[in-house]
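To start, the structure under review is shown below, and the notes come after it.
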Amino acid sequence: MEIAKRTENGSGQCVHLCRPPPAPDLPMQHRGADSGYNALAPPRAYPAPSLPPAPSRLLPSDLPAPHPPCPGSAAVRSPGSRFASSLRVLCSPPRRSAVFWRPWIDDGGEKEQEAPHNAVEAVPLKQGRSLMDWIRLTKSGKDLTGLKGRLIEVTEEELKKHNKKDDCWICIRGFVYNVSPYMEYHPGGEDELMRAAGSDGTDLFDQVHRWVNYESMLKECLVGRMAMKPAFPKGMLPQSQVTDTLAKEGPSSPSYDWFQTDSLVTIVIYTKQKDINLDSVIVDHRDDSFRAETVIKDYSYLVHVALSHEIQEDFSVLVVENVGKIEIVLKKKENTSWKCLGHPQENHNSFIPKKDTGLFYRKCQLVSKEDVTHDTKLFCLMLPPSTHLEVPVGQHVYLRLPITGTEIVKPYTPVCDSLFSEFKEPVLPNNIYIYFLIKIYPAGFFTPELDQLQIGDYVSVSNPEGNFIISQLQELEDLFLLAAGTGFTPMVKVLNYALTNIPSLRKVKLMFFNKTEDDIIWRSQLEKLAFKDKRFEVEFVLSAPTSEWSGKQGYISPALLSEFLKRRSDTSKVLICLCGPTPFTEQGMKMLHDLNFSKDEIHSFTA
Ligand code: FAD
Ligand code: NAP
């Protein structure tokens, strides 16, 4: 992979995957005949729900579509979006520590061990109700829906009737599940599930863990799809009105175009935003399917096509920041003229709130695994050569592995390969690797499986998520980081970025909470960094130290914080980042508010 930078009316960044870049300024011979695809497939304001993995007995695609295919009617929303509004009325407001659809936590039946602090919200499950027990039940062939293998279309009226514990249907993104058999297995408890009984649970689900792989987990509970009435009669809402509607709610809709020379095809995305970077666009090319997702604030713009001709594996991505233009330069396999770019695929040319998009995964290869502490390892994964993905500072991804036949997903925060990798120009093959510091819990569900992977094995990695915004660091004078255990992981890139890119920065102080000295991740690197860069200070606090420990001891407390968080002046710009077990983060937030730090001065990392 090579990196190049170019300027067009200002600055630009470019990453070339695998080979030297084609000259971006080459004169274009022809313009694509179907530029914009508008004649083929008008953009939709909302995506149609994607199908969950189909139960073996009957495919959901055997059902009529939840809304009729009406190419001109961009206003038809996905069932999930449409019912979301009625859900707000039906459901009580989310609790801060809502545990609806919590990720799986074993009940201690097969994997017994002391409850961690972060398991306080989990409801104790009965014996025989662990994730493993659920997987066994779903594979037993038992009829879990009560429909004898049929899939049906569910009307709103019908859905509402199934609102009792022993007859509970919930709609998620347009698909209806009978969750009664699952009640006792739900780590968040039956009451949490009942909050969405007989209604659309999409919003509730999204508020807590939209990444939980419910399609796989609940595939045997699938009842069918929602029967939809189109929100507007076919063809009522012209395309321009769709754009206007979106513009009122969020940023204005991007557009795209394409051009070609004898050997190259360039797809240009006009984002209509200035603050676009190389990490704003994620490109995946697999077989003939080409997918470029651009993230603009909380929205996602997707170019998704089945290419009409073959291309080479390597491509380059160029961002012209000051005009908000992204160019993706593909190399043709054969030097023929393309009549069209290809055929639109699901959600092509859509611009929708990010929370309404599904997570896209690609398979990455494990290339190394190194011990960091007695229980924490540095994993290095390699992206496929036909992917462009850079995880923004402060964001996480989801790793997905099949465990006993079910796809299990957990979030992890990429780090740098060391504290000394600086945020300058990305160096040669650096941005095809993603590093993770991961603690292996011997009795955990996911991490022992991850630890079993051999070099060369694959794990699926999602697109990034998270609400940290890099502009929070602009003009910062004091940055305070409060981390407990692997809560250190988001701090790595934040710290590195701030020290390298924020000229106003006066001090970065990390207070790092661990049980013992042996648990401290990258201790010697942290100490070296503090020695090398006088702006950086680190303080370790141990909850279970040996008698030799002369440093700070105990837990996060107002006394520790008020001593640690010394701002230079009342007006100096300060940011405090917190991450660790949920109760640690929640207690820390409360203490910071009590110490009169404002909401804007605090960022807590959570799922
Ligand atoms: P789990 O099965 O979740 O169990 C964890 C521990 O709790 C085990 O010891 C288990 O035995 C115990 N336990 C579980 N349930 C119970 C119960 N009912 N009673 C008693 N004990 C129980 N982790 C990292 O290491 N690195 C990261 O970069 C990272 N990034 C994250 C980013 C985000 C946004 C979030 C939310 C979490 C992140 N995590 C990270 C944590 C990670 O997602 C997993 O939660 C973690 O790896 C544990 O997964 P597991 O399935 O192996 O363990
Ligand atoms: P750990 O070793 O169990 O705990 C680290 C330190 O925090 C220990 O000193 C521990 O004290 C202390 N601690 C734990 N709970 C506390 C509480 N309620 N109040 C005060 N101190 C507390 O941590 P870990 O196993 O590495 O777990 C890290 C956590 O961070 C996980 O829950 C993970 O999900 C979370 N995480 C979140 C993100 C994110 O949201 N972006 C990223 C990474 C990790 P004890 O001696 O009492 O255990």
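The values are calculated or read from the model by the stated rules, or taken from the named source; none is laboratory data. Everything numeric in this text was worked out from a predicted model, so none of it was measured. Heads up, the Cβs are rebuilt from the backbone with ideal geometry, glycines too, and the neighbour counts pull from every protein chain shown. Accessible surface is based on the protein model in full, side chains and every heavy atom, while ligands, DNA and RNA are left aside. Shrake-Rupley method; radii C 1.70, N 1.55, O 1.52, S 1.80 Å.
If packing is taken as the average count of other Cβ atoms within 10 Å, what order do 131-143, 190-202 fall into, highest mean first?
Going from most to least packed, we get 190-202, 131-143.
Apply the Karplus curve 6.51 cos²θ - 1.76 cosθ + 1.60, θ = phi - 60°, to the phi angles in region 212-220 and return the couplings in whole Hz, x for Gly and Pro.
Values, residue by residue: 4, 7, 5, 4, 6, 5, 10, 4, 7 Hz.
State the answer as a single residue: which of 382, 349, 359 lies farthest towards the positive end of the charge dipole of region 305-390, with beta carbon charges of +1 for Lys and Arg and -1 for Asp and Glu, about the Cα centre.
Farthest along the dipole direction, towards plus: 349.
Of the trypsin sites (Lys or Arg not before Pro) in region 543-573, which ones lie in a loop per DSSP and count no more than 13 other C-beta atoms within 10 Å?
566, 568
Enumerate by residue number the trypsin sites (Lys or Arg not before Pro) in region 260-300 meeting two conditions: DSSP loop (anything except H, G, I, E, B), and at most 15 other Cβ atoms within 10 Å of the site's Cβ.
274, 297
Work from the charge dipole of region 432-493 (Cβ charges, +1 for Lys and Arg, -1 for Asp and Glu, about the Cα centre) and give the residue of 440, 462, 484 farthest towards its positive end.
Farthest towards the positive end: 440.
For region 304-431, what is the accessible area per residue in Å², given a 1.4 Å probe and the full set of protein chains?
39
Between residue 566 and residue 598, what is 0.36 nm times their sequence separation minus the Cα-Cα distance? Round to one decimal in nm.
10.1 nm
Relative to the Cα centre, what is the charge dipole magnitude of region 438-597, using +1 at the beta carbon of each Lys and Arg, -1 at the beta carbon of each Asp and Glu, and rounding to the nearest 20 debye?
Charge dipole, region 438-597, about its Cα centre: 620 debye, nearest 20.
Let me cross-check residue 346: its accessible surface, 1.4 Å probe, with only protein heavy atoms counted, in Å² to the nearest 10?
80
If we sort 449-457, 166-174 on the protection proxy, mean other Cβ atoms within 10 Å, highest first, what's the order?
The packing order, highest mean first, is 166-174, 449-457.
Using the Cα centre as the reference, give the magnitude of the dipole from point charges on the C-beta atoms of region 254-334 (Lys, Arg: +1; Asp, Glu: -1; all else neutral), rounded to the nearest 20 debye.
Here the size comes out at about 260 debye.
Might you tell me the accessible area per residue for region 448-607, computed with a 1.4 Å probe and given in Å²?
46
At most 11 other Cβ atoms within 10 Å and a DSSP loop assignment: could you name the trypsin sites (Lys or Arg not before Pro) in region 300-345 that fit?
Answer in residue order: 339.
Which order do the peptides 545-551, 358-364, 458-464 come out in when sorted by mean C-beta neighbours inside 10 angstrom, highest first?
Packing order, densest peptide first, comes out as 458-464, 358-364, 545-551.
Tell me, what % of the accessible area of region 245-379 is carbon and sulfur with a 1.4 angstrom probe?
46
Suppose the chain between residue 504 and residue 336 were pulled fully straight at 0.36 nm per residue; how much longer would it get relative to their current alpha carbon spacing?
Gain on stretching residue 504 to residue 336: 55.2 nm.
What are the residues whose amide H is under 5 Å from the amide H of residue 342, where those residues sit 5 or more places off or on another chain and H is modelled from the backbone?
Under 5 Å from the amide H of residue 342 lie the amide H atoms of 308, each far enough along the sequence or on another chain.
Obtain the nm distance between the two label points defined at residue 126 and residue 550 by a simple spin-label model: each point lies 7 Å from its Cα along the Cα-to-C-beta direction.
Between residue 126 and residue 550, the label points sit 5.8 nm apart.
Apply the Karplus curve 6.51 cos²θ - 1.76 cosθ + 1.60, θ = phi - 60°, to the phi angles in region 344-358 and return the couplings in whole Hz, x for Gly and Pro.
x, 10, 3, 6, 4, 6, 9, 9, 9, x, 4, 5, 8, 9, x
My understanding is that a pair violates if its Cα-Cα distance is over 18 Å; which of 573/599; 272/325; 160/355; 493/515; 509/534; 509/566 do that in this structure?
Pairs exceeding 18 Å: 160/355; 493/515.
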